[in-house]
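Everything below concerns the one structure shown next.
The values are calculated or read from the model by the stated rules, or taken from the named source; none is laboratory data. No experiment lies behind these values; they were computed from the predicted model shown. Cβ sites come from the backbone with ideal geometry, for glycine too, and all protein chains shown count toward neighbours.
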Amino acid sequence: MVHEIFRASVDWRAIRQEFPILGEEVHGQPLIYFDNAATSQKPRAVLDALRDYYEHDNANVQRGLHELSSRATEAYENARQGVADYLGAASADEIVFTRGTTESINLVAQAWGGKFIGAGDVILLTEMEHHSNLVPWQLLAERTGARLRFVPVREDGTLALEQLPALLTPEVKLFAFTHVSNSLGTINPVAELCRQARALGAITLVDAAQSAGHLPVDVQELGCDFLAFSGHKMCGPTGIGVLYGRAEILEKMPPWHGGGEMIVSVTLEKSTYKKAPHRFEAGTPNIAGAIGLAAAIEYLESIGRAAIFAHDSELASYAAEQLAELPGMRVLGPKNERGALVGFVMKGVHPHDLTTFADQQGLALRGGHHCNQPLMRKFGLPGTTRASFYFYNTITEIDRMMEILRAAVRFFS
Ligand code: 7TS
């Protein structure tokens, strides 16, 4: 079953060749990069798009009436359209460029939350949120007197959805949750959660940091109001991300950052603002980043997100099965469907020590709390070690990881 992926029509071996960094050696060993949930590697198509932009079109957008500025503006706005198409958004006006998931969520918490959240309102989250989908809501709650409420996580890493009717009450103004958990690999039933929230009139925000580059994500099919993701986790550059917001909601939101690009007119006393999305993009944006993200999207689409998902979940299930066979190993997350990662704990070995041991063999894992401190506390763990995959990873690399981890079992015992 695992090897089915190699019979699929995609030439995964050729795809791997398109990532120059995968030829690196680390401590004299060929690099095995299993830290994709933190950030992905970049294909030549993206590196070339960045270089091409700076070599041929670089200028500021929406300001100068000269040829290069027109080209840069066109490329930047085409990138916005590319993102809209990728997400199945109704219009490019629903796409705000940000620095990444974290900034997208902070934008909603400040601009939307500042206007629409008040004392006594409830913001519903889950216990599996990354700190970036928790701390901005804590700050908003402190400012407004709103309360936070959490959907619990079960022992198997899934959400305790039977508790949703008691939690999703009319005081809930916003339900924000992750699509795929970055520690557990859980894939949440986004469409169903959005449907239930909408039935009560609550706004939904989906943290798609771990899903946008891994599985088909269509905002209209999901029925969400906001969706946030980062370019760097899906083959794009760092420093660029997206906030999708439904047009009628974005239009009602005040600006959050003030400055150039976002205004219509300014007097010394007062300003008027552009429509969304430009109202939310003060200052010179990350033009090259947006262009790089558009190139990444084109690249991912040329492979197909369904194929990427099939490939990555095969790797993750194979890894989870292999890991479970090691003595003293606890594997976190759901047994069945999981995203492209697996978190685990080796008895008696701190995740940092295990990760350092792996690094000496050229294997990049991640050890720690993964910005999920409340979740780690819930599971009674200081942290986990995590292997996270992408479509350029192989079964052979997982077999090598297992050899290294078997050596670690011997070393630490
Ligand atoms: N939400 C989730 C679910 C994430 O996994 C991350 C980053 C973020 C939000 C924040 O994304 P950023 O691009 O704004 O930083 N997750 C991880 C991780 O698991 N290891 O390093 C970063």
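Where helices (runs of 4 or more DSSP H) fall wholly inside segment 297-404, the ranges with 2 or more residues that are touching a Ser or Thr at 6+ places or on another chain (Cβ under 7 Å) are 351-360. Considering segment 188-209, the residues that are within 18 Å of the chain's Cα centre (by Cα) and over 20 Å from Ala89 (Cβ atoms) include one that is farthest from the ligand (Cβ to nearest atom), namely Pro189. Being at pLDDT 95 or above, of a type in the set (A, V, I, L, M), under 23 Å from Arg305 (Cα atoms) and away from the ligand (no atom under 16 Å from the Cβ): is that true of Ala75 here? So Ala75 fails the test. In the condition set (1) surrounded by 23 or more Cβ atoms within 10 Å (Cβ to Cβ); (2) within 13 Å of the ligand (Cβ to nearest atom); (3) not in a loop (DSSP other than H, G, I, E, B), Ala109 is compliant with all but (2).
For segment 159-187, filtered to residues that are within 17 Å of the chain's Cα centre (by Cα) and not aliphatic (A, V, I, L, M), the residue that is farthest from Lys42 (Cα to Cα) is Phe177. When each of Leu140, Leu184, Leu134 is tested for being within 11 Å of the ligand (Cβ to nearest atom) and in contact with a Gly (Cβ under 6 Å, 6 or more places away or on another chain), the lone residue that passes is Leu184. Just one of the numbered conditions (1) polar (S, T, N, Q); (2) buried (at least 16 other Cβ atoms within 10 Å of the Cβ); (3) at pLDDT below 95 is not true of Asn336: (2). Exactly one residue out of Ala295, Ala306, Ala408, Ala387 is within 16 Å of the ligand (Cβ to nearest atom) and of a type in the set (A, V, I, L, M, F, W, C), and it is Ala387.
Considering segment 33-71, and only residues there that are within 15 Å of Ala295 (Cβ to Cβ) and touching a Leu at 6+ places or on another chain (Cβ under 8 Å), the residue that is nearest to the ligand (Cβ to nearest atom) turns out to be Gln41.
Here segment 230-276 is the region considered, the condition is being of a type in the set (A, V, I, L, M) and within 16 Å of the ligand (Cβ to nearest atom), and the residue that is nearest to the chain's Cα centre (by Cα) is Met234.
The set of residues in segment 250-282 that are in a loop (DSSP other than H, G, I, E, B), more than 29 Å from Cys224 (Cβ to Cβ) and among the hydrophobic types (A, V, I, L, M, F, W, C) contains only Leu268.
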